[in-house]
1. Condition check: in a helix (DSSP H, G or I), modelled with pLDDT of 95 or more, touching an Asp or Glu at 6+ places or on another chain (Cβ under 8 Å) and among the hydroxyl-bearing types (Ser, Thr, Tyr). Does THR64 satisfy that?
2. Criterion first (within 16 Å of ligand 2 (Cβ to nearest atom), modelled with pLDDT of 95 or more, more than 24 Å from GLU4 (Cα to Cα) and outside any loop (DSSP other than H, G, I, E, B)) does LEU86 satisfy it?
3. If a residue has to be exposed (fewer than 12 other Cβ atoms within 10 Å of the Cβ), more than 11 Å from ligand 1 (Cβ to nearest atom) and not in a helix (DSSP H, G or I) to count, how many in the range 97-146 make the cut?
4. How many residues are buried (at least 20 other Cβ atoms within 10 Å of the Cβ) and among the hydrophobic types (A, V, I, L, M, F, W, C) when one looks only at the range 1-18?
5. With the requirement that a residue be surrounded by fewer than 19 Cβ atoms within 10 Å (Cβ to Cβ) and touching a strand residue (DSSP E or B) at 6+ places or on another chain (Cβ under 9 Å), what does the range 38-59 give you?
6. Identify the residue in the range 67-83 that is within 13 Å of LEU27 (Cα to Cα) and part of a helix (DSSP H, G or I) and, among all such residues, is farthest from ligand 1 (Cβ to nearest atom).
7. Whether any residue in the range 18-38 is within 15 Å of ligand 2 (Cβ to nearest atom) and either touching a Lys or Arg at 6+ places or on another chain (Cβ under 7 Å) or assigned to a helix (DSSP H, G or I) (or both) is what I want to check.
8. Which condition number does GLY46 fail, the rest of (1) over 23 Å from SER134 (Cα atoms); (2) without any contact (Cβ under 8 Å) to a residue 40 or more places away in the chain; (3) part of a helix (DSSP H, G or I); (4) not hydrophobic (A, V, I, L, M, F, W, C) being met?
Amino acid sequence: MAVEQTLTIIKPDAVARGLMGKVLETLEMEGMKIVGMKMVQLTKRGAEGFYQVHRLQPFFDSLTTYMSSGPVMVAVLEGEGIIERLRRLMGVTDPQKAAPGTLRHRYGISVQENVIHGSDSPETAQWEIGYFFSQMEIHSRPVNSG
Ligand code: DAT
Ligand code: MG
């Protein structure tokens, strides 16, 4: 399986409830390598840009207001099959339907306040990483070289 990178966001509800440490510990315990990380607060415009794929959804205004309501922790994770592994560890969008043991099941409050974001494909991951990080902020070690 190929080494990939993905973008994760610890969302405002989790940051506000003091869950950054628990979420990051879980990611690291799962062997997910953090190669970039910073705390930021999105503007409403910034959240709209990030979630532009959902601009026609009825929840778009609420989602982007929420995502800009407080600081978030954004991070780049690296590893084999990391995109799919992170999605599995997160659980499905609605915490009430997420499987036991997943982060959303453990800590989620609602479909909107669902703790964590993870990119859903290699193409999305590259675009989302570039939305937040410059190359200088990603501390990846070359793999499979030569
Ligand atoms: P995911 O975050 O599981 O990839 P998504 O990409 O479909 O889910 O939606 C992005 C975010 O938008 C999701 O984490 C929470 C919010 N959202 C999705 N569906 C929603 C709904 N029906 N009502 C309210 N918020 C929703
Ligand atoms: Mg998504």
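The values are calculated or read from the model by the stated rules, or taken from the named source; none is laboratory data. In this text the structure is predicted, and so the values were computed from the model without any measurement. FYI the Cβ positions are ideal-geometry reconstructions off the backbone, even for glycines, and counts take in every protein chain you see.
1. In short, yes.
2. Answer is no for this residue.
3. 10
4. 4
5. LYS38, MET39, VAL40, GLN41, GLY46
6. ILE82
7. No - not one qualifying residue is present in the range 18-38.
8. Here GLY46 meets the rest and fails (1).
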